[in-house]
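Take a look at the structure below.
Taken together, the values in this text are just the output of simple stated rules run on the coordinates, not laboratory data. Note that the structure is a prediction, hence the values are computed from the model and not measured. Note that each Cβ is placed from the backbone with ideal geometry, even for glycine, and that neighbours are counted across all protein chains shown.
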Amino acid sequence: MVRISVDLNRCEGYGQCVFAAPSAFTLHGLEALTYLPNPPDEMRDAVHRAALACPVQAITVGVQDEPAGTTSRADRHVVVVGASLAGLKTAEALRERGFSGPLTVIGDEPHRPYDRPPLTKACVSEKLPPDRLELPVTRTLDARFLLGTAAVGLDTDRRLVRLADGAAVGYDTVVIATGTRARPYPGTTPDGVLAVRTRDDAEDLQRRLARQPRRVVVVGAGFLGGELASGLCDLGIPVTLVEAQQAPLQGPLGTTVGGVMADLARSAGVDLRLSTTVDEFVAGDDGALRQVRLSDGETVDADLAVVALGAVRNVEWLEGSAARVDRNGVHCDDRCRVLDLEGCPLPDVYAAGDVAGLPHPLFPGRRLSVEHWGNAVTQARTVAHDITRPSGEVPSPHTELPSFWSTQFGVNIKGVGFPGAADRIAVVQGTPGQGSFSVLYGLAERTVGAVTVDNGRYLHHYTALVREGAPFPPEFVTSDENTSPVVRPTGR
Ligand SMILES: Cc1cc2nc3c(=O)[nH]c(=O)nc-3n(C[C@H](O)[C@H](O)[C@H](O)COP(=O)(O)OP(=O)(O)OC[C@H]3O[C@@H](n4cnc5c(N)ncnc54)[C@H](O)[C@@H]3O)c2cc1C
Ligand code: SF4
């Protein structure tokens, strides 16, 4: 069976893959790529040609994974808690670095690791079945997967992970990769109010969409809410998008990019309600959602609502353990080593992905938790490097800049750094609302983030500026006509 995934942070939308395997890859608009994660076997050769042709090597083609028990047992037992992107990538990176000992991956979901980004994109707009999203493995993992099993405790003295069924798994090294879950709506909700975070959620949404809802209300116009609203428009389903702030994506990207997204959403037919919240989900006699009462005094008839209010970190299972956790995640040092209550690294305990909070050289003294796909991958590599590092080798801190992408309303948004921390932005290429454009984000005279809209191939250049904390406003003259960057408050 062929399995592929594309690192859409890397993809620059040149379309070589579309040329090599047009049935598996599709470019929408200027830059937004979608692909069949699990194409039919007869496409295998074309998919391999596509992977070879990709100039930035963004395409991963999977290999058949072997069951555990075929390698020597020379090394220590590594237990990874959380069987999703960060967990899988840690296991993969350990094997890549030659780790040959026993490897156990514990996950509370019943499924093998799968990719979440398509859940709010292709699974809605293209009705892609969520069971097609299993992440490819690039090498034999030889790992034992304990799936459908939640970890409920970590005993670092006895080196045990305690499971919900009463069993315990001993470890020499443990990696915490339990990620996040959807932030629940803070009130009662009738049947027909959902969140989309997991494969099962997306299957539930698809079943309900197949019943042709009169209207869907999406609550929260962040990345996921915008993607959902966009996909619903593609399906021709009437959608109301409710956002408490003045613009979509205002928290992470500010009002300049948010304003453009608001215009795009409205042009696509979305009934966009800004500076508005939900007062009540009203049920009919059958107990199912019938109306949504809004803070602007209006009531919207709808039989389905999707709440997209951000995420909560899965740290409760660590309460009472020696690990230091709070609502921003598991406290780590710059090598992803988990800290104890005094702030010292716990021996052989690591964290990676959405659940981990790390310092970053761009923001000394702060601990940052990042909820992006690329961050889970790079932190997994940092963890595997530290676990397998020979004693003489210099440790390698995690200094990667976060990067992210989103596709909605026909445009591709890509970003790098920490735009959410900035107080000013500068438009450095193009004009917001008129095709492609790029903005830089500044804080205290330094460049701390960059975002491109349908302009991803320029992101490398801006990434270098963010990495070096270049002066803000920028001093360079861009290659297009916008030679004097427009600087304005980010607006949040
Ligand atoms: C719908 C959606 C769309 C997204 N789109 C994008 C995008 O376009 N671009 C982008 O950059 N990022 C995107 N992301 C974010 C990206 O998917 C995450 O950053 C990534 O999944 C993080 O991986 P993770 O392994 O750290 O955590 P998660 O994917 O959250 O996985 C954690 C796993 O651990 C399990 N777990 C939790 N507690 C326990 C326990 N006690 N015991 C055992 N298992 C446990 C969870 O059930 C889950 O399976 C999206 C996320 C979602 C949900
Ligand atoms: S960069 Fe790679 S993945 Fe992206 S469109 Fe081009 S060939 Fe395809």
| With +1 on each Lys and Arg Cβ and -1 on each Asp and Glu Cβ, how big is the dipole of the chain about its Cα centre, in debye rounded to the nearest 20? | 460 debye
| remark: Under 5 Å from the placed amide H of Leu304, counting only residues 5+ away or on other chains, we find Arg215, Val217
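What is the packing order of peptides 18-28, 436-446, taking the mean over residues of other C-beta atoms within 10 Å and listing the highest first?
Packing order, densest peptide first, comes out as 436-446, 18-28.
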| Under 5 Å, built H, 5+ apart or other chain: amide partners of Val330 | Ala356, Gly357
| Whole-Hz Karplus ³J(HN,Hα) for region 350-367, in order, using 6.51 cos²θ - 1.76 cosθ + 1.60 and θ = phi - 60°, x for Gly and Pro? | 10, 9, 8, x, 4, 7, 8, x, 10, x, 9, x, 6, 10, x, x, 10, 10
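Taking the Cβ of each residue in Met43, Met261, Met1 as the centre, tally the other Cβ atoms inside 10 Å and list the residues starting with the fewest.
On the way: Met43 17, Met261 26, Met1 11.
Result, fewest neighbours first: Met1, Met43, Met261.
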| remark: Using the Kirkwood formula on alpha carbons, the hydrodynamic radius of region 188-244 in angstrom works out to 11.8 Å
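Arranged by the count of other C-beta atoms within 10 angstrom, fewest first, what order do His48, His398, His385 take?
Values: His48 16, His398 23, His385 19.
Fewest-to-most ranking of His48, His398, His385: His48, His385, His398.
Relative to 2.2 N^0.38 Å, what does the C-alpha radius of gyration of region 410-489 come to as a ratio? Two decimals please. Working shown, then result.
Numbers: Rg = 11.2 Å, N = 80, 2.2 N^0.38 = 11.6 Å.
Normalised by 2.2 N^0.38 Å, the Cα Rg of region 410-489 equals 0.96.
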| task | Give me the aspartates and glutamates in straight-line cross-link reach of Lys127: C-alpha distance below 15 Å, same-chain residues under 8 apart excluded. | result | Asp200, Asp201, Glu203, Asp204, Glu227, Asp234
| note | Percent of all Cα-Cα pairs per 5 Å bin for region 193-309, counting from 0 up to the last occupied bin, reads 2, 12, 24, 25, 20, 12, 4, 1, 0
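Given R₀ = 56 Å, FRET efficiency for Glu298-Cys344 by Cβ-Cβ distance, to 0.05?
Numbers: r = 54 Å, r/R0 = 0.97.
Calculated transfer efficiency: 0.55.
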| Table column - 3J(HN,Hα) (Hz), region 150-163, Karplus curve with 6.51, -1.76, 1.60, x for Gly and Pro | 8, 7, 10, x, 10, 10, 7, 5, 8, 6, 10, 9, 8, 10
| task | Looking at region 1-110, send over the antiparallel percent of its DSSP beta bridges, to the nearest 5. | result | 65 percent
| field | Mean-position separation - Cα centroids, region 391-407 and region 1-69, in angstrom | value | 24 Å
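Return Phe145, Phe363 ranked ascending by Cβ neighbour count within 10 Å, so the fewest neighbours appear first. Don't skip to the end; give the middle numbers.
Values: Phe145 23, Phe363 13.
Ordered by Cβ neighbours within 10 Å, fewest first: Phe363, Phe145.
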| remark: Restricted to the chain, the DSSP antiparallel beta bridge percent, nearest 5, is 70 percent
| request: Name the residues whose placed amide hydrogens come within less than 5 Å of the amide hydrogen of Thr277, ignoring near sequence neighbours (fewer than 5 apart) on the same chain. | output: Ser295, Asp296
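Would you mind getting the Kirkwood hydrodynamic radius of the chain from its Cα pairs, rounded to one decimal in Å? Kindly include the intermediate steps, with their values, before the conclusion.
Values: mean 1/r = 0.0424 Å⁻¹.
Mean inverse Cα-Cα distance, inverted, gives 23.6 Å.
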